[in-house]
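The values are calculated or read from the model by the stated rules, or taken from the named source; none is laboratory data. Only a predicted model underlies this, so the values are computations on that prediction, with no experimental measurement involved. All Cβ positions, even for glycine, are placed from backbone atoms using ideal geometry, and neighbour counts span all protein chains on display.
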Amino acid sequence: MNVLLLHTAELDAAARAALGAHLPGAEPERRAGHWRVHPGEPLSAERLAALREAVAFDVNPLPTDFEPARIRLLISDMDSTLITIECIDEIADHAGLKPQVAAVTAAAMRGELVFEESLRQRVALLEGIPQDALQAVYEQRLRLSPGAEALIDCVHAHGARFALVSGGFTFFTERLQARLGLDYTRANTLEIEHGYLTGRVLGEIVGAEAKAEFLNELCKQLGIAPEQSIAVGDGANDLLMLARAGLSVAYRAKPAVQAKAQVVLNHSGLEALCHILA
């Protein structure tokens, strides 16, 4: 059965008119926090794009073979996904280097740079920044994305695990794990000596391949198939992970990621993913 999710609590006259124009005869069904439509046939990419353009909320078709009851893992990127900031950019701001670092971050997320090399370059610029800057970023600038806590609660209520994986830093993932009750985390470790950042990362960098391998590792640990997972991300270094999951979600993502993801969220908060698990 073809299922189209309308991620909005209410359908006003304009939205109903748009649906009627793009999906003649469709009868929306109200569900908890959203609506569902059952088109007679799958929407082409062109029709889906036109419908998304016509309404002010997210519209997502579910793959016909997607089985919500089988989902046992949701794995999410951290920076600009579970949280609203890019932590490395905010750390750099303490040295007056945010514009330079942020420009490299943005290019890496668009896939214009090799992530691992770009991270080393950016971290090198952090040399000499006091360790206290990390805590300041966590306390003063880090904010959860809308719906993040609702999504975590929903995943756990579903009987699934929540994993956080990041090309950012363990300083933040570990604190978020303790604060939010996350089941698993993986990220890069900043080297710190005598209370200052050295400008180096310890161990292998968590890049695109490492994120995808973390997904595989968790699936094996849980005794599930990758098809029983949902992956959420926003940048080019999330693409391999998204491709291996049973359902791929682009959240406020770069165009290249939106083009390849099965679910795209540009209006809704992360709580919209609860509609998928319903």
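Here are a few things to note about the model shown:
- Hey, G147 over 19 Å from the mean Cα position of the chain (by Cα), surrounded by fewer than 22 Cβ atoms within 10 Å (Cβ to Cβ) and either within 21 Å of K254 (Cβ to Cβ) or not aliphatic (A, V, I, L, M) (or both) or not: no
- Candidate set from segment 215-267 (those that are charged (D, E, K, R) and more than 13 Å from the chain's Cα centre (by Cα)); member that is surrounded by the most Cβ atoms within 10 Å (Cβ to Cβ): R244
- Residue check for L6: crowded, with 17+ Cβ neighbours inside 10 Å and at pLDDT 95 or above: yes
- Strands (runs of 3 or more DSSP E) enclosed by segment 19-122 - at least 2 residues per element that are over 18 Å from the mean Cα position of the chain (by Cα) and either over 30 Å from P226 (Cβ atoms) or of a type in the set (D, E) (or both): 29-31
- Among residues of segment 49-68 that are acidic (D, E), those with a Cβ under 7 angstrom from a residue that is modelled with pLDDT of 95 or more and surrounded by fewer than 18 Cβ atoms within 10 Å (Cβ to Cβ), sequence gap 6+ or separate chain, pair up as D58/N266; D58/H267.
- If only residues of segment 64-90 that are of a type outside the set (D, E, K, R) and surrounded by fewer than 17 Cβ atoms within 10 Å (Cβ to Cβ) are counted, the one that is modelled with the lowest pLDDT is T64.
- Strands (runs of 3 or more DSSP E) within segment 222-273 that include 1 or more residues touching a Leu at 6+ places or on another chain (Cβ under 6 Å) and not polar (S, T, N, Q): 229-233, 247-251
- Subset tally (residues that are of a type in the set (S, T, Y) and either without any contact (Cβ under 8 Å) to a residue 40 or more places away in the chain or part of a helix (DSSP H, G or I) (or both)) for segment 152-183: 2
- Residue identified as surrounded by 16 or more Cβ atoms within 10 Å (Cβ to Cβ), at pLDDT 95 or above, farther than 18 Å from G233 by Cβ and of a type in the set (K, R) among R161, R122, R179: R122
- Failed condition for E127, given (1) within 18 Å of Q258 (Cβ to Cβ); (2) surrounded by fewer than 21 Cβ atoms within 10 Å (Cβ to Cβ): (1)
- For A212, the criteria (1) farther than 24 Å from E90 by Cβ; (2) part of a helix (DSSP H, G or I); (3) out of contact with any helix residue (DSSP H, G or I) (no Cβ under 7 Å at 6 or more places or on another chain) hold in every case but one, which is (3).
- Check on A103, loosely packed, with under 14 Cβ neighbours inside 10 Å, at pLDDT below 95 and of a type in the set (A, V, I, L, M, F, W, C): yes
- Any hit, segment 108-115, residues being crowded, with 16+ Cβ neighbours inside 10 Å, among the aliphatic types (A, V, I, L, M) and in contact with a Cys (Cβ under 8 Å, 6 or more places away or on another chain): no
- All positions within segment 123-151 that are closer than 20 Å to P99 by Cα and in a helix (DSSP H, G or I): V123, A124, A133, L134, A136, V137, Y138, Q140
- For segment 251-278, the set of residues classified as more than 22 Å from A32 (Cα to Cα) and among the hydrophobic types (A, V, I, L, M, F, W, C) consists of A253, A256, V257, A259, A261, listed by residue number.
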